[in-house]
Every structure is written in C-alpha cells, then in structure tokens.
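Have a look at the structure below before the remarks.
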Amino acid sequence: MTTPWGRLALARHPEDPRDRLRAWDAADAYLLRHLAERELPLSGTVVVLGDRWGALVTALAAHRPARLEDGRPAQITDSWLGQEATRANLARNGVEPGSVRLLTTQDPPPGRVDVLLVRVPKSLALLEDQLLRLAPAVHAGTVVVGTSMVKEIHTSTLRLFERILGPTRTSLAEQKARLIFCAPDPSLERPANPWPYRYDLPDGLGPLSGRPVVNHAGVFCADRLDIGTRFFLGHLPRTRGARRVVDLGCGNGIVGTAVALADPGAEVLFTDESFQAVASAEATYKANGVPGHAEFRVGDGLAGVPDGSVDVVLNNPPFHSHQATTDATAWRMFTGARRALRPGGELWVVGNRHLGYHVKLRRLFGNGELVAGDRKFVVLKAVRRG
C-alpha cells in the first residue's frame, strides 16, 4: 500500500499465496491521505477502531517520529485474525510491536481519546456499542474521522455518529470510498448502551424453548435466532459417549450449549475468531446454568487443538470476509476439523444449499452424508476414516 509517507508491505492472516484479497482498500488509503494533506494533529491518545488488517495502525506507527507527537496509537478490534495480521504487518515493516497498543472490543477503552479514527464495521450494532463505550473519553477537541467504502456508509451510520458523538458530515467519494467527519459535543445526552442483548428462544425447540441467549454487539443475528441455526438445532447429533465436542465458529454459543444441556458428560469447546462471539457464548452458557465442563477460546478455528483429540465438531461456517464472498474460511475450518478429529470422529456442518459444501467434504474426508435438508439449508456429516 502506498501511503503519503512511503510504501508498506501488508498481508492478511493467515497468509495464503493463493489469496488475492488485499489487506487494505481505498478507504484506508483515503483516510491516510486526508490526515497527511490536512496536517491534522496526531497527538495525545490516538485510537483506531475497527482497523481490519492493521493497515492504519501500521502506517501510523511506521511514521510515528514524524506524525505522532507522543503516545502510541491504540487499535481496538473484534477480530483475532485482524490482531494477528497487525502484529505480522508491524514486524514485516520493521516496526516494534510495542509501538501499538492492541486492544479488543472486550477490553476497557482508553480513558481519554484525542484522535479517533473509525473504520466503519459491517455491523451497525458493533459500531453503536463501540462508540457508546468510547464516548465518555471523547472531548470537544477530539479529532474524529471515519472511513469506509461508499456502499458501507448509510444514513443510519451517520445518524449513529450524530446521536452518540455529535454533528456529522461526509466527504466526496474518491475511488468509491468516503470519509466521515464528526465534531464531538460533550453536552450531548447519549442513550444507554443496549448491549449485550438478551432474549429467550422461541417455542417449538423442545427442551431449548424459552432458554436464554446472550449476544454482544456484532454477533450474527444478535436480536433473534437465525434460521440456519434453528434448522441445525433440529438435527444435531446425539453425542452421548462423546468425550469432547467443538462448537466451531460458535457465535453466541447456542449450538454448543444445546449439546451441553443434552449431554452433561460432554466437554464442549467453544471457539471463534471474534472476541464478541466468544464472550457471547460464555454468557449464554452461564445464563443456562449448564452442568459439566466447557472451554471458551478465541483463535483461528481449531489451531492449537491437538490432533485426534475431538469426537464431534459442529460448524456453521461463514462465507464472507467483511464484504468479500469467499470459501477460504470454510475450507480452513474443514481441514482443521479433519486434523483434530479422532478416527471415527464426525464433522457436522450446516450451510446454505447453494454453497456446495458436500463437494469440499467429500474431497477432504472421502465421504459425506446428507443428514437433512430443506429448500434453503442442508445439514451434512463427514466421518474421519483414519
């Protein structure tokens, strides 16, 4: 990426030479050009919210002697993969890791924010939650600039900035990207933060009917049970006798919680690359008072899980990476599951029918079975033979 201060080598995480998706886009470049051209004071506490692959903080930290008068930029992200990409990109460009404070959306935010740079997330709820958490630290002199591609900025996005921080306007578009400018108003009466959000499951789910679900902002379908998960809940395997079950890409954890309720003897691992998701899964599990043992892990799928140590993996894989449609995440999840499963262990997958996951499972496992299906979804099972 070419910045006003030089060129940076950037990559997503995990690195894949076949992946043509960049670790930055026109919105990142537009924001950096604006900071340089307007010579905005980047002093005090600089916070970068939602920096997807570390492009923004890497650019700022790489030119810290010239651009930052004091302090270190702080990155706040919901993505474990994004945080790992940031670490790798800092090292790739010769920047000391300590030059950036790496925070998650679950960490307490800085007590004072002098510059707030916002990479607008796909989730409006996550933006609401994070702006409300940061608002007490923002003052009248805080420089607030947001950025995203034009298709990602809506009237509702601007209204959130105005309702939580102060008067907001947008720039002209450049290369299909746009900037958001906000003038903080400390006297603004802000709404209470509605997150995390709790609801009870609907009737018709047997023992799960009326069970509580807890969702932190940004988790998929945070205010209701999504139809794919509902279909999956009706066709989960009987795990009696299974020692270790994984809810892979757990989201709010309702699938793993359902297994734990049905089989208190199973040890359930909830894992997701989203800090918000794993916090939601743990809250959902605890809200249901489930007996037995569970583990909650933020990371890249089943990385770090020993080979041949898992009996059942349950998976509803995403097929988007931000705005890009890709099957790379699903393929990584499937390959990780095959490695972690013991011989005879089973991977159960729910997905949209049109995604063709059965082809990938047969290629990887040498087998695949249709457990259930309707016009939109399928539940598939693959068994590790050896």
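General observations
- When Thr284, Thr168 are compared by accessible surface with a 1.4 Å probe, the order from highest to lowest is Thr168, Thr284.
- Look at where the Cα atoms of the range 261-339 and of the range 111-163 average out, and the two centres are 30 Å apart.
- Förster radius 22 Å - calculated FRET efficiency between Lys151 and Arg224, Cβ distance, rounded to 0.05: 0.35
- Placing +1 on each Lys and Arg Cβ and -1 on each Asp and Glu Cβ, with no other charges, gives the chain a dipole about its Cα centre of roughly 1060 debye.
- Taking Asn252, Asn316, Asn367 as the candidate residues, the one with maximal mean-square fluctuation in a Gaussian network model of the chain, Cα springs under 10 Å, is Asn367.
- Remark: the range 103-171 is approximated by an ellipsoid whose semi-axes, taken from the C-alpha gyration tensor as √(5λ), come to 19, 14, 11 Å, largest first.
- Options Ala91, His34, Pro108, ranked by Cα towards positive dipole end of the range 30-150, top entry (Cβ charges): Ala91
- Shape call, the range 1-119: gyration tensor on alpha carbons, a/c limit 1.5: oblate
- Within the accessible area of the chain (1.4 Å probe), percent carbon and sulfur: 50 percent
- Note on semi-axes √(5λ) of the Cα gyration tensor in Å: of the candidates (1) 39, 23, 18; (2) 44, 25, 17; (3) 36, 25, 19, the value calculated from this structure sits at (1).
- Per DSSP, loop trypsin sites (Lys or Arg not before Pro) in the range 8-42 with at most 11 further Cβ within 10 Å: Arg18, Arg20, Arg38
- Potential lengthening of the chain between Trp331 and Phe319 amounts to 3.3 nm, from the contour at 0.36 nm per residue minus the alpha-carbon distance.
- Rh by Kirkwood over Cα pairs, then Stokes-Einstein D for the range 164-221 at 0.890 mPa s and 25 °C, µm²/s: 158 µm²/s
- Potential lengthening between Asn352 and Leu205 on full extension [0.36 nm per residue; Cα-Cα distance subtracted]: 50.8 nm
- FRET E, pair Arg363, Ala303, Förster distance 22 Å, beta-carbon r, rounded to 0.05: 0.55
- Taking other residues whose beta carbon is less than 14 angstrom from the beta carbon of Arg198, and scoring Lys, Arg as +1 and Asp, Glu as -1, yields 0.
- The residues of the chain expose, per residue, 44 Å² of accessible area to a 1.4 Å probe.
- Positive dipole terminus of the range 196-353, leading residue within Leu201, Phe220, Ala279 (C-beta point charges): Leu201
- Within a Gaussian network of the chain (alpha carbon springs, distance under 10 Å), most fluctuating of Glu189, Glu152, Glu369: Glu189
- Most mobile listed residue (Ala192, Ala372, Ala85) in the chain, GNM with C-alpha springs under 10 Å: Ala192
- For the range 194-350, the square roots of the Cα gyration tensor eigenvalues, ordered a ≥ b ≥ c, give a/c of at least 1.5 with a/b no greater than b/c, which places it in the oblate category.
- For the range 290-386, chymotrypsin sites (Phe, Trp or Tyr not before Pro) meeting the loop criterion (DSSP other than H, G, I, E, B) and having at most 16 other Cβ atoms within 10 Å: Phe319.
- Shape category assigned to the range 19-60 from the gyration tensor of Cα positions, a/c cut at 1.5: oblate
- The modelled label-to-label distance for the pair Asp107/Glu37, using points 7 Å beyond Cα in the direction of Cβ, is 3.2 nm.
The values are calculated or read from the model by the stated rules, or taken from the named source; none is laboratory data. Keep in mind that this is a model prediction, so the values were computed, not measured. Neighbour counts are summed over all protein chains in view; Cβ atoms, including those assigned to glycine, are modelled from backbone coordinates with ideal geometry. Only protein heavy atoms, including side chains, enter the accessible area calculation; ligands, DNA and RNA are left aside. Shrake-Rupley method; radii C 1.70, N 1.55, O 1.52, S 1.80 Å.
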